[in-house]
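The values are calculated or read from the model by the stated rules, or taken from the named source; none is laboratory data. Note that the coordinates shown come from a computational prediction; the quantities given were computed from them, not determined experimentally. With ideal geometry, Cβ positions are generated from the backbone for all residues, glycine too; neighbour counts draw on all protein chains shown.
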Amino acid sequence: MSQIQSSEPAPLDKLRHSCAHVMAQAVQELFSGTKITIGPAIENGFYYDFDSPHRFSVDDLAKIEKRMLEIVKGNHEFKRFELTKEESRTYWAQRQEPYKVEILEGLEGPVVSHYTHDTFTDLCRGGHSENTRDIRHFKLLSVAGAYWRGDEKNSMLQRIYGTAWFSKAELDAYLTQLEEAKKRDHRKLGQELDLFSIQDEAGPGLIFWHPKGGLVRKIMEDWLRAELLRRGYHLVFTPHVMQLKLWETSGHTGFYAENMFSPIEIEKTKYQLKPMNCPGHILIYKSALRSYRELPLRLAELGTVYRYEKSGVVHGLLRVRGFTQDDAHIFCRPDQIESEAAACIDFAKAALKKFGFEKFKVELSTWDPLTPKNYAGAAQDWARAEGALVNTLNRLGIPFVRMVGEAAFYGPKIDVKLVDAIGRAWQLTTVQFDFNLPQRFGLEYVGADGQRQQPLMVHRALWGSIERFFGILIEHYAGAFPFWLAPVQMKILTINSELASYAQEAAHSLKERGLRVEVNDGADTLGAKIRNATLQKVPVLAVVGKREKEALSLALRLRGGQDLGAIKNSEIPAKLQELLGSDWN
Ligand SMILES: [Zn+2]
Ligand SMILES: [Zn+2]
C-alpha cells in the first residue's frame with residue numbers, strides 16, 4: 001500500500017511494491033490471524049509491516065519465499081478497483097483488518113483505490129506490475145520490529161524486509177553487495193580494530209573515539225585544516241550552547257524544533273545546544289561592518305553539533321546524536337556566486353578523492369516555480385543562484401540530475417553522492433544557498449557605491465559529518481586504511497625476547513622520522529604475532545631476527561603480501577615512500 005506518493009512510481013518501485021503484496025498474501029496464508037498494515041517499496045527493496053500472533057524468525061523467511069514463488073507462478077493479474085470510502089470501510093471491517101480501517105480515516109476524497117491479485121486485496125494507491133509473473137527475482141532478507149506509524153506509543157508490529165529486481169544478475173549483484181557490506185560493517189570493524197565505541201552508560205548516538213580512531217581523525221582533520229587555509233578559508237570556533245533567542249532569530253525553534261535537544265535553563269535564561277553552526281558564524285560576520293572588499297568571507301569550523309534522533313534509529317557512526325561537521329559558511333557578493341560554487345565543488349572533489357573515492361553523482365535541487373509562496377527569497381534570487389549553479393556544473397563538465405521542487409525552502413543546493421568500493425552511494429557534500437538567514441539576521445556589507453547591501457550566504461559541508469565519513473571510510477577500505485591514514489603504519493615483530501631492545505630502538509628511530517610504529521615483543525610465536533598484525537590490517541609488517549639485528553635492518557612485508565626483504569633502518573622511510581607512491585602521504 002502506498003497512499004503517499006503523488007506521482008507515478010518508477011517501474012522498479014512498482015515491482016517491489018507488488019512483491020510486498022505477494023509477500024503479504026503468503027504471510028496471511030501461512031500465519032493465520034496476521035493483520036496487514038503497510039508495505040511500501042523502499043531503496044533497494046520493500047517491506048511489509050504485520051501485526052501477527054506469530055513471532056516471525058529468519059527461519060520463516062524461506063517458507064514464505066516458497067509460497068511466494070508458487071503465487072507468482074500463478075500468473076495473476078494485478079487489478080485495480082475503486083470503492084467509496086463507506087464501502088471500503090465495510091469491506092475492511094468485515095475482513096477484520098483494523099489497520100486498514102484506520103488508514104482509511106486519513107484518506108481524502110469520496111473514493112479510494114484497491115489492488116487485487118489472486119486471493120489478496122490491499123487498500124492501495126498503486127502502482128503495480130501488470131502480473132505476478134513479472135516478479136521473479138526476489139529474496140526476503142530480515143525481520144525487525146517497527147511501531148505502527150513509527151510512533152512508540154502505538155503497537156509494535158513485525159516488519160519483513162525483502163528485495164526484488166528485474167533480473168537474476170541484478171539480484172545476485174545486490175546480494176553479493178549485502179554480504180560484502182556485512183563483512184565491512186563499521187560497527188564490527190570499529191570494535192575489532194579498537195577505533196571507537198558507543199557506551200550504554202553515556203547514551204545512544206554518542207561516539208567515543210578510541211586512541212586509534214582518534215589518530216585517524218587527527219590525520220583527517222590536519223589534512224582538511226591545511227586545505228581550508230590554502231583555499232582562503234578562516235578557521236573559527238563557536239560555543240556549543242547559545243541563548244535560545246538566537247535560535248528564534250534564525251528560525252530553528254520553528255522549522256527545526258523536532259531535531260533539537262531541549263533547551264537548558266541557567267540564570268532564568270534558556271540556552272540551546274547547537275544543532276547547527278550557521279548562527280555562530282553569522283554572529284562573527286556581524287561583529288564588524290563588512291566592506292565589499294572583504295567578500296567573499298569564508299568561515300570554517302569543525303563544529304560539533306547535537307541533534308535529536310530517536311534512540312531507535314541511531315546507527316553506529318552513520319546516524320548519531322552528536323557529531324562534528326566540516327562546516328563552512330561563505331558570505332559573498334552576487335557577482336561571486338559562480339566562482340564560489342566552482343571552488344566548493346573543486347574542494348569537494350579533492351576532499352573525496354584524497355580518501356579514495358573517484359566516482360560521484362551530483363544532484364541539483366531547485367525550487368518548484370509553481371509554488372513560489374513556499375520559499376524564502378525572491379524569484380530573481382532563485383533564478384540567479386540556480387543559473388550560477390548550472391553554469392558552474394556545465395563549465396566543470398560535471399553531469400548532474402536536476403531535482404525540481406527538492407530544494408529546501410531557503411535556497412537551491414548541490415548534493416554530491418560518492419560511490420564506495422562496493423558500489424553503494426552515500427550522500428556527503430552539500431553546497432546550499434540561503435536567502436533566509438541573511439535577511440533574518442539583517443546581514444549587510446557596504447558596496448562599492450557606499451550603499452548597504454545584503455550578502456549572499458552559502459552553507460557548505462564536504463564530508464558532512466566527520467563521524468559518518470569515518471564510518472563510510474572504514475567500510476570503503478574494509479578497515480585497511482591506506483598507509484598515510486593508518487593509525488599504526490608499521491608493526492615490528494620480534495622472533496624472540498632477546499631482540500626486544502633492538503626492536504624498541506628501531507621503532508624509536510623510525511618514530512623520530514615521522515612513522516607511526518608499534519612493537520610486538522611479547523612471548524607469542526612469530527606466527528601468532530603476524531596473524532594478529534594482519535587482523536589489525538597494519539600496512540607494513542617488520543620482522544626482527546638475529547640477522548636483521550646484526551645488519552641494523554628490518555625484514556619488511558606489505559599488507560598485500562609483497563615481501564621486501566631486509567632493509568636497513570636508515571633506508572626504510574625512503575624505500576617505503578618510493579614503493580607506496582600516493583599512499584605515502
Ligand atoms: Zn499496493
Ligand atoms: Zn549552515
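Tabulated data for the structure shown
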{"item": "Residues being among the acidic types (Asp, Glu) and within 18 Å of the chain's Cα centre (by Cα) - total across segment 157-207", "result": "2"}
{"item": "Check on Glu108, more than 25 Å from Asn131 (Cβ to Cβ) and surrounded by 13 or more Cβ atoms within 10 Å (Cβ to Cβ)", "result": "no"}
{"item": "Among the candidates Ala181, Ala173, residue that is away from ligand 1 (no atom under 16 Å from the Cβ), surrounded by fewer than 17 Cβ atoms within 10 Å (Cβ to Cβ) and under 30 Å from Pro487 (Cβ atoms)", "result": "Ala181"}
{"item": "Evaluation of Gly561 against (1) under 26 Å from Leu189 (Cα atoms); (2) assigned to a helix (DSSP H, G or I) (one fails), failing number", "result": "(2)"}
{"item": "Members of segment 317-342 that are more than 16 Å from ligand 2 (Cβ to nearest atom), at pLDDT below 95 and surrounded by 20 or more Cβ atoms within 10 Å (Cβ to Cβ)", "result": "Ile337"}
{"item": "Hey, Pro263 farther than 18 Å from His329 by Cα, not charged (D, E, K, R) and not assigned by TED's automatic domain parsing to the domain that holds Lys349 or not", "result": "yes"}
{"item": "Verdict on Phe81 being loosely packed, with under 15 Cβ neighbours inside 10 Å, touching a strand residue (DSSP E or B) at 6+ places or on another chain (Cβ under 8 Å) and among the aromatic types (Phe, Trp, Tyr)", "result": "yes"}
{"item": "Residue satisfying all of: in segment 255-274; surrounded by fewer than 18 Cβ atoms within 10 Å (Cβ to Cβ) and within 16 Å of ligand 2 (Cβ to nearest atom); modelled with the lowest pLDDT among these", "result": "Phe255"}
{"item": "Single unsatisfied condition, Val538 versus (1) closer than 16 Å to Lys511 by Cα; (2) free of Cβ contacts under 8 Å to residues at least 60 places away in the same chain; (3) over 33 Å from the mean Cα position of the chain (by Cα)", "result": "(3)"}
{"item": "Qualifying positions in segment 125-139 - within 16 Å of ligand 1 (Cβ to nearest atom) and either in a loop (DSSP other than H, G, I, E, B) or crowded, with 16+ Cβ neighbours inside 10 Å (or both)", "result": "Arg125, Gly126, Gly127, His128, Ser129, Glu130, Thr132, Asp134, Ile135, Phe138"}
{"item": "Matching residues in segment 207-239 - criterion: being exposed (fewer than 15 other Cβ atoms within 10 Å of the Cβ) and part of a strand (DSSP E or B)", "result": "Phe208, His234, Leu235"}
{"item": "Leading residue by the ranking (nearest to ligand 1 (Cβ to nearest atom)) among those in segment 269-310 that are hydrophobic (A, V, I, L, M, F, W, C) and not in a strand (DSSP E or B)", "result": "Met276"}
{"item": "Positions within segment 19-43 being under 29 Å from the mean Cα position of the chain (by Cα) and either without any contact (Cβ under 8 Å) to a residue 24 or more places away in the chain or within 16 Å of ligand 2 (Cβ to nearest atom) (or both), in sequence order", "result": "Glu43"}
{"item": "Where Ser465 falls short, out of the listed (1) among the polar types (S, T, N, Q); (2) touching a residue at least 12 places away in the same chain (Cβ under 8 Å); (3) surrounded by fewer than 22 Cβ atoms within 10 Å (Cβ to Cβ)", "result": "(3)"}
{"item": "Which listed residue, of Gly442, Gly479, is outside any helix (DSSP H, G or I) and surrounded by fewer than 20 Cβ atoms within 10 Å (Cβ to Cβ)", "result": "Gly442"}
{"item": "Selection from segment 89-124 of residues that are more than 40 Å from the chain's Cα centre (by Cα) and in a helix (DSSP H, G or I)", "result": "Arg89, Thr90, Tyr91, Ala93, Gln94"}
{"item": "Evaluation of Leu485 against (1) crowded, with 19+ Cβ neighbours inside 10 Å; (2) outside any loop (DSSP other than H, G, I, E, B) (one fails), failing number", "result": "(2)"}
{"item": "From the options Ser339, Ser365, residue that is without any contact (Cβ under 8 Å) to a residue 60 or more places away in the chain, in a strand (DSSP E or B) and either of a type outside the set (Phe, Trp, Tyr) or under 27 Å from Thr304 (Cα atoms) (or both)", "result": "Ser365"}
{"item": "Total residues in segment 140-161, condition over 15 Å from Ile36 (Cβ atoms) and in a strand (DSSP E or B)", "result": "9"}
{"item": "Subset tally (residues that are closer than 19 Å to Glu97 by Cβ, of a type in the set (S, T, N, Q) and away from ligand 1 (no atom under 15 Å from the Cβ)) for segment 4-50", "result": "2"}
{"item": "Selected residue (only one of Glu518, Glu498, Glu505 is without any contact (Cβ under 8 Å) to a residue 60 or more places away in the chain, assigned to a strand (DSSP E or B) and surrounded by fewer than 19 Cβ atoms within 10 Å (Cβ to Cβ))", "result": "Glu518"}
{"item": "Matching residues, segment 35-49, being part of a loop (DSSP other than H, G, I, E, B), at negative phi and surrounded by fewer than 24 Cβ atoms within 10 Å (Cβ to Cβ)", "result": "Thr37, Pro40, Glu43"}
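Condition check ((1) within 16 Å of ligand 2 (Cβ to nearest atom); (2) touching a Cys at 6+ places or on another chain (Cβ under 8 Å); (3) within 20 Å of Cys344 (Cα to Cα)) across all residues:
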| site | (1), (2), (3) |
| --- | --- |
| Asn374 | no, no, no |
| Ile398 | no, no, yes |
| Phe409 | yes, no, no |
| Lys417 | no, no, yes |
